[in-house]
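K.L.:
To start, I am sharing the structure in question, which I have written as structure tokens.
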Amino acid sequence: MPDIRSPLRYLWWNARSQAPSLLLGICFATLWWLVQALVPAVLGKGVDAVTAKDTGALVTWSAILLGLGLMQAFTGIMRHRMAVYNWLAAAYRTVQVTTRQAARLGATLPKQLSTGEVVSVGNSDIAHIGGSMDILLRGTGSIVAIITVTVILISTSLPLGLMVLFGVPIMAVAVGPLLKPLHRRQKRQRDLTGDLSTRSADIVAGLRVLRGIGGEQVFGERYREESQRVRHAGVGVARVESLLEGAQILLPGLLIAAVTGIGASFAVGGQITAGQLVAFYGYAVFLIGPMRTLTEMADRLTKGHVAARRVVRILSIQPEVGGGTATSQGGVLRDSFSGVTVQPGELTALAAGAPEDAIAIADRLGRYADGDVTFGGVDLATLPIEEIRTRILVADNGARLFTGRLRDELDVRGTATDEQVRQALHAACADDIVEALPEGLDAQVAESGREFSGGQQQRLRLARALLADPEVLILVEPTSAVDAHSEARIAERLAKARAGRTTLICTTSPLVLDRTDQVAYVEDGRVLAEGAHRDLLVSSPEYAATVTRGED
């Protein structure tokens, strides 16, 4: 795991993680540039051989030029191959660490970051981080090539060599003022793009509701306004990038003109040969490539820094709850703050005057929030999180169906038999949903299960929870979206399906409450009354008012 204190440290960790392939790629890139840097010198020698009418020397330098061409082709192929490899390695290493972090954070992640911000990491940030690793190959090689050419020029002509020696750093410094505004504008565009992704995800997820209330036009206008802000931000980035691109052409062009003009005067004065003049011109033209690469490297590293900042933000988030190394044999699950006690092997109900109280208790019992909870007499906070997630399952209506085969969506572990799947569907009254599908359990589920109604999705999620068959199952309003007839059947079948196993149902439905062994009524976050459903209807007016909604 990288040191998450800064984006630069993350980029450095990424480079160090793929050091062998990165160094090999740098070697090929350096050789590729050096071979190109030697071509003007060989051309100059060939011109001098022609001028001197030396056939042997001409053949020799021609052969050397052919060898350089072959070497350039080989190193160019290998450089490009290693560049693509390093690009992919850096990009998908970022995907791996962010995915692992997302899995580690679990329910903490959506509380800290929006969906759009997380999606943007996979959409654009991995490309920029991969590009920052890719440019290190050519960038390092271009620096070596510039130094080599400068040494050759100084050894041939001191004035021309010094011109190149000082000209290159001056041009590099000249583009520096463009990098800070580019960095700032890229960050703004990146933030706006993440917000727009969040907006689009929300609209798609709630499209059915928007159509029902006639809010499509309003949200469409809001999306249009935000997309225009993203477009303007992109234009702002493009303005700076266009100046940067122009500088890549203008500044080397000025250097070429100066070197060529002075070199021509030296050739006329007899200070250098015609072949050396050709070599100087070739070097001046050649330097455009390395210098453009240096400017590109500054641009890509800037983008990589912006992208790494977003990744670091995700990696720096810590889970709201942690675990220990203790063990528990199971037993009574108790929340000390509220007083809710779930007896092993019983079907217990939790009815709350305020729905948020029931959700908060379920989160504490499932270790999604801190609380003084014991499991079989052992503090739940001291158990390993992985063990808690395996033994205690909290199934609420925030869970989703994912894209894929329906059977795989229901049997997430892939271990259930056909009979077990059938029984779970029957208990959740979801067998009619599967029977209506032409391909049955082999049918493909669309994103978020949007082809199913709200009630159908709820029943399928219940079947999935039953198939998981945890030691303790906590269901939060499992029948809130189904009709009364289906609710009655689910209540009866659920009691049979979980007979002898620990189950807690958070609900205020009389049909479900009547099928439970014990009911705990919570008001203001604490247990106010406990007992059988029918007994509480008589003994607790508050409970009766809550579950009957004020009806007789």
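The values are calculated or read from the model by the stated rules, or taken from the named source; none is laboratory data. If you're wondering where the values come from, they're calculated on a predicted model, not measured in any experiment. Because the Cβ atoms are built from the backbone with ideal geometry, glycine has one as well, and the counts that use them run over all protein chains shown. Surface accessibility is based on the protein's heavy atoms, side chains included, excluding ligands, DNA and RNA. Shrake-Rupley method; radii C 1.70, N 1.55, O 1.52, S 1.80 Å.
K.L.:
So the check is Cβ under 6 Å with 6+ separation or different chains; which pairs have a first residue in the range 260-289 that's closer than 15 Å to Thr148 by Cα and a second one that's in a helix (DSSP H, G or I) and open to solvent by 60 Å² or more (accessible area, probe 1.4 Å)?
P.N.:
Gly282/Leu43
K.L.:
While we're here: Looking at the range 463-477, which of the residues that are among the β-branched types (Val, Ile, Thr) and buried (at least 22 other Cβ atoms within 10 Å of the Cβ) is nearest to Val340 (Cα to Cα)? Talk me through it step by step, then tell me what you get.
P.N.:
So in the range 463-477, the residues among the β-branched types (Val, Ile, Thr) come out as 472, 474, 476.
Pick out the ones that are also buried (at least 22 other Cβ atoms within 10 Å of the Cβ) and you get 474, 476.
Numbers: Ile474: 13, Val476: 15 Å.
Among those residues, the one meeting the criterion is Ile474.
K.L.:
Taking the range 510-547 as the region of interest, how many residues are touching a residue at least 24 places away in the same chain (Cβ under 8 Å) and open to solvent by less than 40 Å² (accessible area, probe 1.4 Å)?
P.N.:
Qualifying residue count, the range 510-547: 12.
K.L.:
Yes or no: Gly414 open to solvent by 40 Å² or more (accessible area, probe 1.4 Å) and in contact with a helix residue (DSSP H, G or I) (Cβ under 8 Å, 6 or more places away or on another chain)?
P.N.:
It is true that Gly414 is open to solvent by 40 Å² or more (accessible area, probe 1.4 Å) and in contact with a helix residue (DSSP H, G or I) (Cβ under 8 Å, 6 or more places away or on another chain).
K.L.:
What's the total number of residues in the range 355-374 that are open to solvent by less than 30 Å² (accessible area, probe 1.4 Å), farther than 23 Å from Glu492 by Cα and touching a residue at least 60 places away in the same chain (Cβ under 8 Å)?
P.N.:
Here the count works out to 3.
K.L.:
Could I ask something else about it? Of all residues in the range 478-502, count the ones that are over 22 Å from Ile388 (Cβ atoms) and either open to solvent by 50 Å² or more (accessible area, probe 1.4 Å) or in contact with a strand residue (DSSP E or B) (Cβ under 7 Å, 6 or more places away or on another chain) (or both).
P.N.:
As a first pass, look at the range 478-502 and keep what is over 22 Å from Ile388 (Cβ atoms): 479-497, 499.
So of that shortlist, the ones also either open to solvent by 50 Å² or more (accessible area, probe 1.4 Å) or in contact with a strand residue (DSSP E or B) (Cβ under 7 Å, 6 or more places away or on another chain) (or both) come out as 480-481, 483-485, 489, 492-493, 495-496, 499.
Going through the range 478-502 one residue at a time, the tally reaches 11.
K.L.:
For the range 194-203, state whether one or more residues are modelled with pLDDT under 75, open to solvent by less than 60 Å² (accessible area, probe 1.4 Å), out of contact with any strand residue (DSSP E or B) (no Cβ under 7 Å at 6 or more places or on another chain) and aliphatic (A, V, I, L, M).
P.N.:
Yes, the range 194-203 has at least one match.
K.L.:
Using the structure shown, decide if Leu38 is open to solvent by 60 Å² or more (accessible area, probe 1.4 Å), assigned to a helix (DSSP H, G or I) and over 21 Å from Val285 (Cα atoms).
P.N.:
Taking the combined requirement at face value, the residue does not satisfy it.
K.L.:
Hey, can you tell me all the residues within the range 92-131 that are polar (S, T, N, Q) and open to solvent by less than 50 Å² (accessible area, probe 1.4 Å)?
P.N.:
Taking the range 92-131 and keeping what is polar (S, T, N, Q), we get 94, 96, 98-99, 101, 108, 112, 114-115, 120, 123-124.
Scanning the range 92-131 gives Thr94, Thr98, Gln101, Thr108, Ser114, Ser120, Ser124.
K.L.:
Please work out which one of (1) closer than 29 Å to Leu192 by Cα; (2) modelled with pLDDT of 90 or more; (3) among the β-branched types (Val, Ile, Thr) is the condition Thr99 fails and give its number.
P.N.:
(2)
K.L.:
A further question follows. Return the pair list, or none, for Cβ contacts closer than 6 Å from residues in the range 56-73 that are within 11 Å of Val42 (Cα to Cα) and open to solvent by 60 Å² or more (accessible area, probe 1.4 Å) to residues that are assigned to a helix (DSSP H, G or I) and among the hydroxyl-bearing types (Ser, Thr, Tyr), at least 6 apart or on different chains.
P.N.:
Matching pairs, first to second residue: none at all.
K.L.:
While we're looking at this one, here's another question. Within the range 176-192, is there a residue that is more than 23 Å from Val240 (Cα to Cα) and either at pLDDT 80 or above or among the β-branched types (Val, Ile, Thr) (or both)?
P.N.:
Scanning the range 176-192 turns up no residue that is more than 23 Å from Val240 (Cα to Cα) and either at pLDDT 80 or above or among the β-branched types (Val, Ile, Thr) (or both).
K.L.:
Filter the range 258-276 down to the residues that are surrounded by fewer than 20 Cβ atoms within 10 Å (Cβ to Cβ) and part of a helix (DSSP H, G or I) and list them by number. Working first, answer last.
P.N.:
Step one: list which residues in the range 258-276 are surrounded by fewer than 20 Cβ atoms within 10 Å (Cβ to Cβ), which gives 258, 260-262, 264-271, 273-274.
The answer is Ala258, Thr260, Gly261, Ile262, Ala264, Ser265, Phe266, Ala267, Val268, Ala274.
K.L.:
Quick one: count up the residues across the range 292-326 that are of a type in the set (Asp, Glu) and crowded, with 21+ Cβ neighbours inside 10 Å.
P.N.:
Here is the first cut: in the range 292-326, the residues of a type in the set (Asp, Glu) are 296, 299, 320.
Subset that is crowded, with 21+ Cβ neighbours inside 10 Å: 299.
Going through the range 292-326 one residue at a time, the tally reaches 1.
K.L.:
Anything in the range 342-354 that is open to solvent by less than 40 Å² (accessible area, probe 1.4 Å) and either more than 13 Å from Cys506 (Cβ to Cβ) or not in a loop (DSSP other than H, G, I, E, B) (or both)? List them, or say none.
P.N.:
Val342, Gly345, Leu347, Thr348, Ala349, Leu350, Ala351, Ala352
K.L.:
Can you tell me which residue in the range 496-505 is farthest from Cys429 (Cα to Cα), limited to those that are within 41 Å of the chain's Cα centre (by Cα) and not charged (D, E, K, R)?
P.N.:
Thr502
K.L.:
Sticking with this one: Would you check which residues across the range 530-545 are within 14 Å of Thr348 (Cβ to Cβ) and in contact with a helix residue (DSSP H, G or I) (Cβ under 6 Å, 6 or more places away or on another chain) and list them?
P.N.:
Result: His533, Leu536.
K.L.:
Here is a further query. What number goes with the only condition from (1) open to solvent by 10 Å² or more (accessible area, probe 1.4 Å); (2) among the small types (Gly, Ala, Ser); (3) in a loop (DSSP other than H, G, I, E, B) that Ser338 does not pass?
P.N.:
For Ser338, the exception is condition (1).
K.L.:
Could you tell me which of the residues Gly454, Gly449 is in contact (Cβ under 8 Å) with a residue 24 or more places away in the chain and surrounded by fewer than 17 Cβ atoms within 10 Å (Cβ to Cβ)?
P.N.:
Answer to the check: Gly454.
K.L.:
Still on this model: Of everything in the range 147-188, what is within 34 Å of the chain's Cα centre (by Cα) and either open to solvent by less than 70 Å² (accessible area, probe 1.4 Å) or in contact (Cβ under 8 Å) with a residue 12 or more places away in the chain (or both)? Give them in sequence order.
P.N.:
Scanning the range 147-188 gives Ala172, Val175, Gly176, Leu178, Leu179, Pro181, Leu182, His183, Arg185, Gln186, Lys187, Arg188.
K.L.:
So which residues in the range 418-433 are within 15 Å of Asp469 (Cβ to Cβ) and either surrounded by 23 or more Cβ atoms within 10 Å (Cβ to Cβ) or of a type in the set (Phe, Trp, Tyr) (or both), if there are any at all?
P.N.:
Ala424, Leu425, Ala427, Ala428
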